[in-house]
Amino acid sequence: MSNIRKAFENGKAFIPFITCGDPDLKTTAAAVKAAVENGADLIELGIPFSDPTAEGPVIQGANLRALSGGVTTDQIFAFVKELRRDVKVPMVFMTCANVVFSYGAEQFISTCKNLEIDGLILPDLPFEEKEEFHPLCKRYGVELVSLIAPTSGNRIAMIAKEAEGFLYIVSSLGVTGMRSEIKTDLASIVQVVRENTIVPCAIGFGISTPAQAKKMADLSDGAIVGSAIIKLLEKHGKDAPKYIGAFVKSMKDAIR
């Protein structure tokens, strides 16, 4: 069984997203540890980049704060190596394809393997173009996580059939960010996924309250939350980890 699948073994998974280096890597480490101590099952670590296409203003702001603080991909790799001494839950990187491409895809993915990074999420990589990275991911045992959006339509079954790790179901059209309500017919998307794969699926984009997390986890195998956590980092800076811990606990309690 892949390491990522283990995150879904004990009921519904709660998956927080944290941008590396916002406001600094020491705070990122404390935030990740607080999240894990309070029930996070899998961690998505964002490698910041300057043109985040799918990101709303909150995560864009985190990217810019991290980059203006001087964080680099190499620093993030060194940070994860250190973090892995304490954090045993599965971890995946989320970034743009160009970050991987410009670093050198083989060097990037083989480094992920060495750091025990379990998967890679590239939101701007179309499913039809995944062969640019997938053979390398296969070679090094790093799972390439696919996304399914409300616009995926008749491609959902095809994406699900080839899924590995977990499937990231995007709850809404548009960019990331907190939403007051999620109106997409997610049940029918999840049904098609279930008919075509045993790989678990989790829903992200727009989830910011325990009630929303429960609703999404009831439909799928877990809930992914980014902007609401980044908001806490934006507001509290270096003091954010304790607030993130409390937030993660409230979300995990809601989906149990």
> Quick check: anything in the stretch 32-51 of a type in the set (Asp, Glu), assigned to a loop (DSSP other than H, G, I, E, B), in contact with a Gly (Cβ under 8 Å, 6 or more places away or on another chain) and buried (at least 18 other Cβ atoms within 10 Å of the Cβ)?
Replying inline: yes
> Limited to the stretch 5-31, what total is found for residues that are out of contact with any helix residue (DSSP H, G or I) (no Cβ under 9 Å at 6 or more places or on another chain) and surrounded by 24 or more Cβ atoms within 10 Å (Cβ to Cβ)?
Replying inline: 2
> So which of PHE77, PHE133 ends up being farther than 22 Å from ALA223 by Cβ, touching a helix residue (DSSP H, G or I) at 6+ places or on another chain (Cβ under 9 Å), crowded, with 21+ Cβ neighbours inside 10 Å and touching a residue at least 12 places away in the same chain (Cβ under 8 Å)?
Replying inline: PHE133
>> Of everything in the stretch 222-256, what is under 14 Å from the mean Cα position of the chain (by Cα) and either part of a helix (DSSP H, G or I) or charged (D, E, K, R) (or both)? Give them in sequence order.
In response: SER227, ALA228, ILE229, ILE230
>> Is it the case, given these coordinates, that THR27 is within 21 Å of LEU125 (Cβ to Cβ) and in contact (Cβ under 8 Å) with a residue 60 or more places away in the chain?
In response: no
>> With the condition being among the polar types (S, T, N, Q), out of contact with any Leu (no Cβ under 8 Å at 6 or more places or on another chain) and farther than 13 Å from LEU147 by Cβ, I'd like the helices (runs of 4 or more DSSP H) fully within the stretch 70-134 carrying at least 2 qualifying residues.
In response: 97-103, 105-114
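No value in this document is a laboratory result; all are computed from the given coordinates. Given the structure is predicted, the values throughout are model-derived calculations rather than measurements. Quick reminder, even Gly has a Cβ in these numbers, built from the backbone with ideal geometry, and neighbours come from all protein chains shown.
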